[in-house]
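Reviewing the structure listed below.
The values are calculated or read from the model by the stated rules, or taken from the named source; none is laboratory data. Source: prediction; values computed, not measured. FYI the Cβ positions are ideal-geometry reconstructions off the backbone, even for glycines, and counts take in every protein chain you see.
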Ligand SMILES: [Zn+2]
């Protein structure tokens, strides 16, 4: 249970209370993962520009991007790790590997722990695709999930394995979201479509198989629909996940076209790790922010959420309207300086700051 009430700025008039959904008002709850939605959790907003100095708003996605994209790779694909790393460096993007832990060090395609450690060191992520891809009958479904998590965390010390991708194929009927939810905070499982931002099923995230879909009007999973209001209203600002297996020459060309498209729309897409996006969404949907102008040179704010702090520690981007006479700003939380970028919109100045919920009051200072 996060001490969220205690971290609020004490005894002062608060300028703004911003929340995304009714979870934020649920007292005394700390979620391991959000339950499946029964309907839209909130209205899908455009970018929000707080009106008065000191007003704060939690951005729907990191850096106030319009939509989120996660690019994932299944079944270890050891022979293609170097190629993906090269593209990651070239485009400045990070990818998520979902690995079958029994294959590591035992199969050519399975790779080595050294390779997966290198991926993590380079900013990519390595998460679970079960212990045996449900192929080993000696493992029940609980074993498949639990053992894979334990093996990753043992062989990649200090690295949390809290996301899972359900295996497809002949054994896929053995997948069990309820069992998975015991161990994981995000599960890739659903259909080949875009996840509407206001009704993401975190234990069944949809993922498009083997492709980027863009510049194709009326298509079922068009990335363009995420960054413009279209007839596909519910896809605006959504989460596009895709997953790749072994890439032939033609597939590689397609991936490069997809990465180029994303780069061309870099201001609008957050290309992140699967686990980060799953954390961001759930923190955001249970978060509230309060803010207050303390003096002509200082703004205080407090961000809390209802997710279990043991598993959820990704920063949310908070946008704060600055007084007009501030040229620049710096921010600190709990004695540490935190990332703060000042941007201008229609003559107003705004700070985008990266704040981990429940880590103490943030002070924003004129610079
Ligand atoms: Zn697989």
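Considering 275, 252, the condition of being outside the structural domain of residue 40 (by TED's automatic domain parsing), more than 16 Å from the ligand (Cβ to nearest atom) and surrounded by fewer than 16 Cβ atoms within 10 Å (Cβ to Cβ) is satisfied by 252 alone.
Taking every residue in the stretch 128-149 that is in the same structural domain as residue 162 (by TED's automatic domain parsing) and at positive phi and pairing it with any residue that is within 14 Å of the ligand (Cβ to nearest atom) and assigned to a strand (DSSP E or B), at least 6 positions away or on another chain, the pairs with Cβ-Cβ distances below 8 Å are 130/164. Considering every residue within the stretch 108-124, establish whether at least one is at positive phi, outside any helix (DSSP H, G or I) and within 16 Å of the ligand (Cβ to nearest atom). Yes, some residue in the stretch 108-124 is at positive phi, outside any helix (DSSP H, G or I) and within 16 Å of the ligand (Cβ to nearest atom).
Would you confirm whether or not the stretch 192-205 contains a residue that is closer than 19 Å to residue 144 by Cα, modelled with pLDDT of 95 or more and out of contact with any strand residue (DSSP E or B) (no Cβ under 8 Å at 6 or more places or on another chain)? For the stretch 192-205, residues closer than 19 Å to residue 144 by Cα, modelled with pLDDT of 95 or more and out of contact with any strand residue (DSSP E or B) (no Cβ under 8 Å at 6 or more places or on another chain): absent.
Among residues of the stretch 70-94 that are at negative phi, those with a beta-carbon under 6 Å from a residue that is within 15 Å of the ligand (Cβ to nearest atom) and assigned to a helix (DSSP H, G or I) at least six positions away or on a different chain give the pairs 70/274; 72/274.
If you filter the stretch 96-107 down to residues that are in a loop (DSSP other than H, G, I, E, B) and without any contact (Cβ under 8 Å) to a residue 40 or more places away in the chain, you find that the one that is farthest from the ligand (Cβ to nearest atom) is 105.
Taken over the stretch 302-328, the criterion of being farther than 20 Å from residue 47 by Cα and outside any loop (DSSP other than H, G, I, E, B) is satisfied by 302, 304, 307.
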